[in-house]
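*Asks:* What follows is a single structure, and I will ask about it in a moment.
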Amino acid sequence: MKKLILSLAIVLGTMSVQSAVPTLNNTITESIVTQDEFAEVSLDALPAAIKSTIEKSFPGTKLEKAYKNEKNEYKLEISNGDKKYTVYTDASGNIIKK
């Protein structure tokens, strides 16, 4: 009888050890970044509100290039000396964070 109880305790003990082993879940996350297509526009074609915003918000900078997408958002490349910056605005001249 003692042997039966002892062997039952050993069997139950090994089952609990095996069930305590954590399982690893490998999760792969794939992210897709879409970029709005911007087409280059001439600096003369920019709305006056955008030019005014650039002059007021970034004094001493020069507007190098301008791009426009289908949503009427503008991507502006400005420079100040050797430093170059990219600023996004809407048609009203409001700066958009991207």
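*Asks:* Taking only pairs six or more apart or across chains, which ones have beta-carbon atoms under 6 Å, a first residue in segment 79-98 that is on the phi > 0 side of the Ramachandran plot, and a second residue that is outside any loop (DSSP other than H, G, I, E, B)?
*Replies:* Listed pairs, sorted by first residue: Gly93/Ala49; Gly93/Ile50; Gly93/Thr53.
*Asks:* Specify the residue that is nearest to Ala91 (Cα to Cα); the eligible residues are those in segment 54-74 that are surrounded by 11 or more Cβ atoms within 10 Å (Cβ to Cβ) and of a type in the set (Gly, Ala, Ser).
*Replies:* Ala66
*Asks:* Count, please, the residues in segment 80-94 that happen to be surrounded by fewer than 14 Cβ atoms within 10 Å (Cβ to Cβ) and part of a strand (DSSP E or B).
*Replies:* Residues that pass the stated criteria total 5.
*Asks:* Working only within segment 1-38, note down all residues that are surrounded by 10 or more Cβ atoms within 10 Å (Cβ to Cβ), closer than 30 Å to Asn94 by Cα and modelled with pLDDT of 70 or more.
*Replies:* Within segment 1-38, Phe38 is the sole residue that qualifies.
The values are calculated or read from the model by the stated rules, or taken from the named source; none is laboratory data. Quantities reported herein were computed from a predicted structural model and do not represent experimental measurements. Neighbour counts are summed over all protein chains in view; Cβ atoms, including those assigned to glycine, are modelled from backbone coordinates with ideal geometry.
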